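Every number here is computed from the coordinates shown, using simple stated rules; none is lab data. Here the structure is a predicted model, which means the values were calculated and not measured. Note that each Cβ is placed from the backbone with ideal geometry, even for glycine, and that neighbours are counted across all protein chains shown.
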Amino acid sequence: SQKKGCPKGAIIGLCNLGLIQGLEAGNYTKPTKNGQYAVQAIEVLKRNRFIASQPDLLWKKVAGITKTENHQMDVVVGLWEAECIST
């Protein structure tokens, strides 16, 4: 999944807003839907940290049931669990 565009878009979306510890907010690349999904997922996790153990449910809360998740939540949950997200 490291070479897929969706996970890359997710992490870059978090970087753009400075949500990853140690990185300043900036324009690392143009915003994407995958970046928006990642940012929304962080907001959901801030309200309910236990949902990190249910990435499928997290995805449904972010994107609904009609969209297919493509490893974006793996990025978000991995960073969240490693405590790399600035809250």
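Quick look at the values:
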item: Inter-site label distance for Glu43 and Lys60 at 7 Å from Cα along Cβ, in nm; result: 2.0 nm
item: Kyte-Doolittle mean at least 0.5 and Cα axial length at least 15 Å: DSSP H helices in the chain; result: 5-16
item: Relative contact order (%) - criterion: Cα under 8 Å, at least six apart; region: region 13-87; result: 33 percent
item: Trypsin sites (Lys or Arg not before Pro) within region 46-76: DSSP coil, no more than 14 neighbouring Cβ in 10 Å; result: Lys67
item: Estimated 222 nm signal from helices in the chain, with DSSP H stretches of n ≥ 4 weighted -39500 (n - 2.57), rounded to 500; result: -16000 deg cm²/dmol
item: Lys pairs, the chain - Cα-Cα below 17 angstrom, 8 or more residues apart or on other chains; result: 10
item: Region 22-87: GluC sites (Glu not before Pro) in DSSP loop, at most 12 other beta carbons within 10 Å; result: Glu24, Glu83
